[in-house]
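Here the structure comes first, spelled out in structure tokens, and everything after it is commentary.
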Amino acid sequence: MVQKRTGRVLALALAALLALSMFGLSGCAADDGGDGGEGNGATGEVETIKIGVQTALTGPLPDYGLAAKNGVELALEDFGTFEMNGTTYEVELVVLDDKAEPTEAAVVAQTMVDEGVVGVIGSLTTGATLSAIPIYYENRIPQISGSVTGPKANETGADTFFRTCWNDAIQGEALGVWAMELGAKKVVLMDDNGAYAVGLADVAEDTLKAGGVETLRQNCQSGDKDFSAQVANIKEFGPDAIIFTGYHPEAGLMRKQMVEAGLGDVIFMGGDGIRSEELVAQTGGNANAEGIYATFGGFPEEQQPGYAAFAAKYKEKYGEEVGPYAQNNYDAFGALIAAIKAAGSTDTEEIIAALQTLSYEGVTGTFGFATESDGAVAKGDIVVEGLTPSNVPRYVLKDGAWVSAQ
Amino acid sequence: MATRMETSSGRGTATAHRGAAVRRIASAMPAWVWWLAGIAIAAGFPLLNVIGVVETAWLRVGVVSLIFALLALGLNIVMGETGLLNLGYIAFFAFGAYTTALLSSPKFEIHWPFLAVIVASTLVAMVAGFLISLPTLRLRGDYLAIVTLAFGEIVRLTIINLVPLTNGPNGITGIYPPRLFADAKPALEGIEAWFIIDKPLEYYYLVLVCVVVLAVLLTNLKNSRIGRAWNALREDELAAISSGITAVRAKMLSVVLSAGIAGFAGSLFAYYSNVISPESFLFMQSVIVVCMVVLGGMGSIPGVMLGAIALQALPQLIREAAGAARSDFEVYRMLIYGVLIVVMVIVRPEGLLPDKIFRREAHEVDPRELEMTRQSLFDLEEGEKDLEV
Amino acid sequence: MSFDHIMSVTIGGLTVGMIYALIALGYTMVYGVLKFINFAHGEVFTVGGYVAAFSLLAMGIDASTPWLKVAGAIALALVAAVTVPMVLGFLIERIAYRPLRGRSRIIPLLSAIGVSIVLQQLIIIIFGPKPVTIPTLALSSASVSFLGVNVRVLALVIIAVSAALMIGLTYLVKSTRIGKAMRATSQDMEAAEMMGIDTNRTIAFTFLVGSALAGIGGLLVVMYYGSLKYDAGFLYGLKAFTAAVLGGIGNIPGAVVGAIVLGMTETYGVSVDLGFLAWFVVAGLVLGLYVQMVRVPNRRLAHIAADRRTPEYERSIMNVYRLTPYHGIKTLLAERTDALLSVSAVDAVRLMAGNIFLAVLAAVMFINSSARIDTRWQPVIAFVVLMVILMFRPSGILGEAVTEKV
């Protein structure tokens, strides 16, 4: 009996301590933000507008979520205060976590609407975006995602949805074409059963089949660690190349296990999901990673006009290399502000109209948004000047770094 | 009878502090007062939104909470009443949701009327429940739990893999809002608009009505012959069988019924969320529904509803509690959610609103009940004296 | 399908199974004594892996480090990877489970889920959301040739460690004083207390051992795959739970057998031809028929006194069993049957249906003998096999012998 009570007290105390420390932490952060706002508010000519950031800080892809948040916060420093019609506007970010979960995404979208945001950057994943789009559409709030690449993300054709990253359909086709150019006659396609990977692999497979290439489709689950069954199947098939369309954690393990099984000289290719510096370590080091090919949605980084400056700023602020899609989210924020300025108003309907005709000079290039679906390009997709589906950037891993393989 | 108990027990505990007195008054109130109060609060909640006190996001949280309350009520039948642990309950929810999505979306250009869809969804889930109960009901305890878990995962993975039917991981988009008639009838056009439900507020009341009706039905069922048979099976299967209960039939009925409720809830969920994808039917969701039932109080109908609402609303509550600092706070939200679950279960292991039987099990001695028992014994003795005189 | 293919699939499956076994052993220890699903075990495993990885990284070893130093570093990492989870396991038991002792088994499940959410979030907050990777060591990439197939040394280490732990744990539970206390606590906690066993201490000890095993598992998994993600514990916990139940709850060799069956199913199911898999179905059918036609009637006969056992009687008993389905259907169609008879008649019909199902399945598989199941069904096959096995053996492969309960 006594023991029971002490256990209970201990648990309560621990919980209270934890909660207190958390509130303490957030309290400090709030003070910092609050001071700035009040200081400006006192001058009287400043108007505050809210911009939402719908991302996933918990759930399956927190590293992507964090990079998106960092990218937007960096953009806030650069474009967060601007003048329009004689008034100084100050942007306040509303960062909410949707756990990459559709149900939660709907609640987050509604919270954004309630908060009165004039635009939203996000969300991070296709599933969450699917359920957020109807709510933003109904409430006429422009939404720019910097990381949703699923071809079917905007199937309903909502005019409020835009994205600053490339649609996967373009990359899928490019992967298939590249494999054929490399002279592959037998190709394995492998996805991780997620929306992104399946979409990419489907398009690539169609391209390859149309070109008369023999293909074998393999799958794994996101989060799998062991691919002995798949590797054995692949070994038996004896391909010239494998296209792995999932993300880098699984891709690294897959490559590692393929090398261990003596399949090191099979060409290993993937989409932008594997184009991460992390991949090198995950394959078990340079020797294994050497010569992996990847495509990318957008200009290669060294060709992105503002990338060097962006990367330096990012590194200075967060002390680490640029995270996935950080610059796309940076551009999403920049484009939204540019649209507000172009519209000359914070009325969301006018911002949406302005976004449709926008031409914005961002980190990733000078871009606008497609107003109608056309082939692989869907409505609201990014259209970068000088970049067409036929010249999708190609990379190869050399000495632990991604270099252009155009 | 209630007032008499109140006065007589007050005699025995003159020193009882005020909290205990309040609790006693509370427990003396007839159940229907509580029901009415609960319904009034739930029905009045959206008004707070209408007058602008509460944000619309809370309405969406409310709709999802109520849908999960339906799920918790359904799972409570197998878990709380019959004592079968089901770790794949979300699969029946998925059956309902996907049936609705297929019968009322541009996917196959089918547009059935609302009532037909919801009945079909319920039936499909019930058939699934029947089929899975055929081979599994012989299993007991954790073996049943793992088989239901496997069933849930098989259903989810099959949904992902059956691309032509379900669009695989992309899910089905653009589910039509519920409407009474499939085709717009020219004469009814104006009136018909009234019957299209597509705003959070309308969904809220639709689901609330369903929850209330279901709760009343289940309360009656709980006290019926079949409800008592389930409880008997839960307490001691052998004893129940020897008292003439057909165990397999009773268990099967409970599984099929709870599957039907999940299918019904899934149909409402699909309508409400307008798009469904396999990400909504993860194993973790099954576990969360189990948590709702346990947290609310197994076997207690108001309890499990409260548990569902508490667990669904908690993340948003934490978000709101963080106030202005919420943007920096989001990272810690799930952490606090976890801590709160642990604290709640340790402070009230029997559940928020426990069922009578489970409360007796959870506490070694409940002083209130002891007092009541003593009082009734005393009444009995008094009565005997009356007889003697 | 070549011999090489079958060999590499077999070895791959065995290794996966043994990795599951490593975690399932710790699982079954706790599970056997307390009989509740310790959802937090997977997270404890992840913590062990992270601690191991970070201590290896902190000691700055890489492929060029001399082997003696590597061995020392691994030993230190092992100490850290065992100590931290042990402390964690002890605290979890003290704070989250002990106050709930004596309640219905389902209630601690809830606090276990709470703990698992907390741990997962703490891992993200403390170690960051990116997967942790360790440099490739000579040890982890070394392989030996076995019957023409390359086998990694580390795979052999994992198999050896799992086997050694299985034997060690069996000894601990069966032949030591504390093991006896564990068995007693598992069977009846109150009675054990009356016999003077400190059940609190026994349970705490069980948690310490279980968590230490999780830590060892974490270290080996990190070394084998080279990387670990913060949510890896969830999937491994699920697999370990499945393996533990499949083998028979609380049965230590059962956990290993269950894990191997699970691992083999996952690899064999999708990487060998149906014609080969069909033989497993045939084997199952033959085994089932043997039990139904020979074992069960003989067991029945053994209960009959020797003087009543005439040859005619034995023959009639045998005939009843051989014609089970006929008798079953006849009983079910009869106007009045007593309850027990109808139950066994239903069983008989169900058994027959099972036999026919297996036979048809085998025939279908033989007809399509060169086809292979798509890898996207990999997890489904594992779960289906689990369901089928539990339907025929409702208390696990090795059963849960009461005396052997942990």
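When region A:86-127 is filtered for residues that are in a helix (DSSP H, G or I) and either of a type in the set (A, V, I, L, M) or not assigned by TED's automatic domain parsing to the domain that holds A:L57 (or both), the ones remaining, listed by number, are A:A105, A:A106, A:V107, A:V108, A:A109, A:M112, A:V113.
What tally of residues in region C:250-269 results from selecting those that are over 19 Å from C:I159 (Cβ atoms) and crowded, with 24+ Cβ neighbours inside 10 Å?
2
Within region A:96-120, the residues that satisfy the criterion of being crowded, with 24+ Cβ neighbours inside 10 Å, more than 9 Å from chain B (Cβ to nearest Cβ) and closer than 14 Å to A:R140 by Cα are A:V117, A:G119, A:V120.
Yes/no per residue for (1) among the hydroxyl-bearing types (S, T, Y); (2) within 30 Å of B:V293 (Cβ to Cβ); (3) more than 14 Å from chain A (Cβ to nearest Cβ):
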position: C:A40; (1), (2), (3): no, yes, yes
position: C:G49; (1), (2), (3): no, no, no
position: C:S55; (1), (2), (3): yes, no, yes
position: C:D62; (1), (2), (3): no, no, no
position: C:L68; (1), (2), (3): no, no, yes
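Scan region A:176-189 and tell me whether some residue there is modelled with pLDDT of 85 or more, closer than 25 Å to A:P300 by Cβ and within 14 Å of another protein chain (Cβ to nearest Cβ). The answer is yes; a qualifying residue exists.
For region C:343-388, the tally of residues that are farther than 30 Å from B:I245 by Cβ, among the β-branched types (V, I, T) and either away from chain B (no Cβ under 14 Å) or surrounded by fewer than 16 Cβ atoms within 10 Å (Cβ to Cβ) (or both) stands at 4. Looking at (1) under 30 Å from A:T366 (Cβ atoms); (2) without any contact (Cβ under 8 Å) to a residue 24 or more places away in the chain; (3) away from chain B (no Cβ under 14 Å), which is the one condition that is false for A:T156? Failed condition: (3). From the residues in region A:263-279 that are at pLDDT 85 or above and surrounded by fewer than 24 Cβ atoms within 10 Å (Cβ to Cβ), which one is farthest from the other protein chains (Cβ to nearest Cβ)? For region A:263-279, the residue satisfying everything is A:I267.
From the list A:D191, A:D226, the one residue that fits, being closer than 26 Å to C:G237 by Cα, touching a residue at least 24 places away in the same chain (Cβ under 8 Å), in the same structural domain as A:G270 (by TED's automatic domain parsing) and out of contact with any strand residue (DSSP E or B) (no Cβ under 8 Å at 6 or more places or on another chain), is A:D226.
A single entry from A:V322, A:V363 fulfils the requirement of being in contact with a Lys or Arg (Cβ under 8 Å, 6 or more places away or on another chain) and of a type in the set (V, I, T): A:V322.
Of all residues in region B:55-83, those that are more than 14 Å from chain A (Cβ to nearest Cβ) and closer than 29 Å to B:L233 by Cβ have Cβ atoms under 6 Å from Cβ atoms of residues that are polar (S, T, N, Q) and buried (at least 24 other Cβ atoms within 10 Å of the Cβ), 6 or more apart or on another chain, in B:G74/B:S258; B:I77/B:S254; B:I77/B:S258; B:V78/B:N86; B:V78/B:S254; B:V78/B:S258; B:T82/B:S254. If you go through region C:167-183 and keep only what is surrounded by fewer than 20 Cβ atoms within 10 Å (Cβ to Cβ) and either within 19 Å of the chain's Cα centre (by Cα) or assigned to a helix (DSSP H, G or I) (or both), you end up with C:I167, C:G168, C:T170, C:Y171, C:L172, C:K174, C:S175, C:R177, C:I178, C:G179, C:K180.
When A:S123, A:S147 are screened for being closer than 18 Å to A:L61 by Cα, touching a strand residue (DSSP E or B) at 6+ places or on another chain (Cβ under 7 Å) and among the polar types (S, T, N, Q), only A:S123 passes. Out of all the residues in region B:63-71, is one or more farther than 15 Å from B:A308 by Cβ, among the aromatic types (F, W, Y) and either crowded, with 21+ Cβ neighbours inside 10 Å or at pLDDT 85 or above (or both)? Within region B:63-71, none of the residues are farther than 15 Å from B:A308 by Cβ, among the aromatic types (F, W, Y) and either crowded, with 21+ Cβ neighbours inside 10 Å or at pLDDT 85 or above (or both).
The number of residues in region C:252-308 that are outside any helix (DSSP H, G or I) and either in contact (Cβ under 8 Å) with a residue 60 or more places away in the chain or of a type outside the set (V, I, T) (or both) comes to 4.
Here's the yes/no breakdown for (1) over 30 Å from A:T58 (Cα atoms); (2) more than 14 Å from chain B (Cβ to nearest Cβ); (3) not hydrophobic (A, V, I, L, M, F, W, C):
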position: C:K174; (1), (2), (3): yes, yes, yes
position: C:L208; (1), (2), (3): no, yes, no
position: C:D231; (1), (2), (3): no, no, yes
position: C:Y236; (1), (2), (3): no, no, yes
position: C:I249; (1), (2), (3): yes, no, no
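Residues that are β-branched (V, I, T), assigned to a helix (DSSP H, G or I) and at pLDDT below 90 do not occur anywhere in region B:77-92. When each of C:G13, C:G32, C:G102 is tested for being under 30 Å from B:G351 (Cβ atoms), within 12 Å of chain A (Cβ to nearest Cβ) and out of contact with any strand residue (DSSP E or B) (no Cβ under 9 Å at 6 or more places or on another chain), the lone residue that passes is C:G102.
Does A:G146 qualify as being out of contact with any Asp or Glu (no Cβ under 6 Å at 6 or more places or on another chain) and either modelled with pLDDT of 90 or more or assigned by TED's automatic domain parsing to the domain that holds A:E73 (or both)? Judged against the criteria, A:G146 is a match. In region B:331-355, the residues that are over 17 Å from B:I301 (Cα atoms) and at the interface with chain C (Cβ under 7 Å from one of its Cβ atoms) form Cβ pairs under 6 Å with partners that are assigned to a helix (DSSP H, G or I) and of a type in the set (S, T, N, Q), at six or more places apart or across chains, as follows: B:M334/C:Q121; B:L335/C:Q121; B:V342/C:S111; B:V345/C:S111. Residues that are in contact with a helix residue (DSSP H, G or I) (Cβ under 8 Å, 6 or more places away or on another chain) and either outside any helix (DSSP H, G or I) or not assigned by TED's automatic domain parsing to the domain that holds C:K239 (or both) within region C:34-87 comprise C:K35, C:F36, C:I37, C:N38, C:F39, C:A40, C:M59, C:I61, C:A63, C:T65, listed in sequence order.
Criterion applied to B:A14, B:A31 was being modelled with pLDDT under 80 and within 19 Å of the chain's Cα centre (by Cα), and the one residue passing it is B:A31.
The values are calculated or read from the model by the stated rules, or taken from the named source; none is laboratory data. Since we're looking at a predicted model, the values are computed, not measured. Please note: Cβ atoms are built from the backbone with ideal geometry, for glycine as well, and neighbour counts cover all protein chains shown.
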